[in-house]
Amino acid sequence: MKFHPVIAVVCSVLGLFAGQALPQQGERPRPIDRVCIGRMLIVQSMDHVKRSGKTEQEYRDANPFDPRWEPAVKEEVSAVIAYVWSHSHEENIEFSSNVMQACYAQNPQS
């Protein structure tokens, strides 16, 4: 198996989040943590695919939309894909953090 620095970084980031997100005694991890951190990692995964040389169309072909998704969800996901393929790695990493923060901001009670 070939060593991929991006995968190593993602794993270390996951380890940091796991350490920070450990529940207090008697608490369970919040589902919103999985959702918001997951969104961040999806953007970073797209960036990794882009950096490995795949085109936006190749990514879209390999990851078709779920037919059950509402049109607004399809539009949002399509916009994220387009953003990632039209921006630099550094901008995408910043964007992934902003996506996670926006998710938490939209779900303050979770």
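The table below lists the values:
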{"item": "Every residue from the stretch 60-85 that is free of Cβ contacts under 8 Å to residues at least 12 places away in the same chain and assigned to a loop (DSSP other than H, G, I, E, B)", "result": "N63, P64, D66, P67, R68, W69, E70"}
{"item": "Of the criteria (1) within 14 Å of the chain's Cα centre (by Cα); (2) among the polar types (S, T, N, Q); (3) modelled with pLDDT under 95, which one S96 fails", "result": "(3)"}
{"item": "The stretch 67-93 - residue that is surrounded by 10 or more Cβ atoms within 10 Å (Cβ to Cβ) and acidic (D, E) and, of those, modelled with the lowest pLDDT", "result": "E76"}
{"item": "Count of residues meeting criterion [more than 20 Å from V99 (Cα to Cα) and exposed (fewer than 14 other Cβ atoms within 10 Å of the Cβ)] in the stretch 34-60", "result": "5"}
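The values are calculated or read from the model by the stated rules, or taken from the named source; none is laboratory data. Since this is a predicted model, take the numbers as computed values, not measurements. Cβ: placed from backbone, ideal geometry, glycine included. Neighbour counts: every protein chain shown.
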